[in-house]
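Notes follow the structure.
The values are calculated or read from the model by the stated rules, or taken from the named source; none is laboratory data. Model, not experiment: these values are computed from the prediction. Here the Cβ positions follow ideal geometry from the backbone for every residue, glycine too, while neighbour counts run over all protein chains shown.
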Amino acid sequence: MSDAVLYSVDQDGIAIITINRPDQRNCLSKEVRQGLFAAWGRFENDITARIAILTGSGEKAFCAGGDLKEMVETGLKVPPRDMFPVPYETIKLSKPTIAAVNGVAFAGGWMIAQGCDLCVASTSAKFAITEVKVGRGSPWAAPLIHMIPQRIFMEIVLTGKPISAQRAYEIGLVNRLAEPEALMNAALELAREVIEGAPLSVAAARETVMLATEMGRAAALEAGWAAHESAYNSDDAQEGPRAFSEKRKPLWSGR
């Protein structure tokens, strides 16, 4: 990995992936794309990491999108499906993720934040799908129909105009807001809340949410029961009730 993307894991098992090109508004240049692919791969294979937070360096930009200068130089037309590092789409991940949006998340920046399971945003952050402004496209935005209302989705992609962090929170794109100086603490707090749960139960819960977006009600129920079977049959499923009855914190084994 280059210094374009930084990777670290704390003692709680929370990985922090940081796009580290603030002078370029953390845009998705080739080196950043390569760095993100490497960082996400490292996270997936890191047995000490249970959840990841994706953020950007500096105060102005989470990620301003693709590198337009590079697109001009290469004459990019339809981008290859695997060109950009989008969690769970072009990157295989089995663990939960949080976007900590510290500034503008425009175009590809919105795309990679959208790909994460959860989102915490600075009150100074802004979100926009700006592709109509530069003659590009946003096919990656299709899953938004499961996140926000259709009319709002339509306005965002047709106008290309930014929305505030507060508006993003109101429409359900953002889980939590924090003042700029408190953003990472808020993201870490949410991450700790997630990993307090039994690992197999967390994984099954996440899988069920994703399956439910792809299926009708009856099929999603069947898939949900199947996804939770390993959690129900685990040692942790006995440890949880035992710890509750003994008035202590559970000791999860992940088995």
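I'd like to know if the stretch 70-85 contains one or more residues that are touching a residue at least 60 places away in the same chain (Cβ under 8 Å) and either within 22 Å of residue 205 (Cα to Cα) or buried (at least 20 other Cβ atoms within 10 Å of the Cβ) (or both).
Among the residues of the stretch 70-85, not one is touching a residue at least 60 places away in the same chain (Cβ under 8 Å) and either within 22 Å of residue 205 (Cα to Cα) or buried (at least 20 other Cβ atoms within 10 Å of the Cβ) (or both), which makes the answer no.
Exactly one of (1) surrounded by fewer than 13 Cβ atoms within 10 Å (Cβ to Cβ); (2) more than 29 Å from residue 8 (Cα to Cα) is unmet by residue 179. Its number?
(2)
For the stretch 135-147, enumerate the residues that are under 28 Å from residue 179 (Cβ atoms) and buried (at least 17 other Cβ atoms within 10 Å of the Cβ).
Passing the criteria: only 144.
Tell me which residues, restricted to the stretch 126-143, are among the hydrophobic types (A, V, I, L, M, F, W, C), at pLDDT below 95 and touching a Leu at 6+ places or on another chain (Cβ under 9 Å).
132, 134
So, residue 153, is that one under 22 Å from residue 42 (Cβ atoms) and over 11 Å from the mean Cα position of the chain (by Cα) or not?
Details: under 22 Å from residue 42 (Cβ atoms): no; over 11 Å from the mean Cα position of the chain (by Cα): yes.
The answer is no for residue 153.
List the helices (runs of 4 or more DSSP H) that sit entirely inside the stretch 10-115 and contain at least 1 residues that are aliphatic (A, V, I, L, M) and under 16 Å from the mean Cα position of the chain (by Cα).
It comes to 30-45, 108-115.
Considering the stretch 1-57 alone, what residues qualify as being closer than 14 Å to residue 112 by Cα, touching a residue at least 60 places away in the same chain (Cβ under 8 Å) and β-branched (Val, Ile, Thr)?
53, 55
Determine, yes or no, whether residue 181 is over 27 Å from residue 46 (Cβ atoms), part of a helix (DSSP H, G or I) and assigned by TED's automatic domain parsing to the domain that holds residue 32.
yes
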